[in-house]
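The values are calculated or read from the model by the stated rules, or taken from the named source; none is laboratory data. This structure is a prediction, so every number in the text was calculated from the model and none was measured. Glycine gets a Cβ as well: all are built from the backbone with ideal geometry, and neighbour counts include every protein chain shown.
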Amino acid sequence: MFKPTSSDPNVQVVEIPVSDRWRIYHRLQELSIPCCCPADGSLVVEVNSAIAAFLVRSTVQHFLATRQELLDWLERCWTADIFS
């Protein structure tokens, strides 16, 4: 089981509403990203790579963004000129 230490620079405390915390926690577990939910209500996640950081951000965005924010993000992705 993942146990965070305060001296580890790869450990970040993410402020997540309690109503979404467990859903995000379980999704991160499915993605094999070490995390835990201490009694203080926080979600502690170990981010030790750029891919893990992207997956955490994407997971949190999926659960917390409004439908309009997700549509706007998708529109920006479609209109981004990534091949020039």
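Residues in the stretch 45-84 that are modelled with pLDDT of 85 or more and of a type in the set (D, E, K, R): E46, R57, R67, E69, D72, E75, R76.
Here is a yes/no grid of residues against (1) in contact with a Cys (Cβ under 7 Å, 6 or more places away or on another chain); (2) exposed (fewer than 13 other Cβ atoms within 10 Å of the Cβ); (3) in a loop (DSSP other than H, G, I, E, B):
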site	(1), (2), (3)
S32	no, yes, yes
P38	no, yes, yes
G41	no, yes, yes
N48	no, no, yes
A53	no, no, no
V60	no, no, no
F63	no, no, no
Q68	no, yes, no
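Is it the case, given these coordinates, that S42 is over 10 Å from the mean Cα position of the chain (by Cα), more than 23 Å from E30 (Cα to Cα) and modelled with pLDDT under 90? Lay out the reasoning, then the answer.
Numbers: over 10 Å from the mean Cα position of the chain (by Cα): yes; more than 23 Å from E30 (Cα to Cα): no; modelled with pLDDT under 90: yes.
No: the conditions fail for S42.
Scan the stretch 63-80 and give yes if some residue there is closer than 22 Å to I24 by Cα and touching a residue at least 24 places away in the same chain (Cβ under 8 Å), otherwise no. Taking every residue of the stretch 63-80 in turn, at least one turns out to be closer than 22 Å to I24 by Cα and touching a residue at least 24 places away in the same chain (Cβ under 8 Å).
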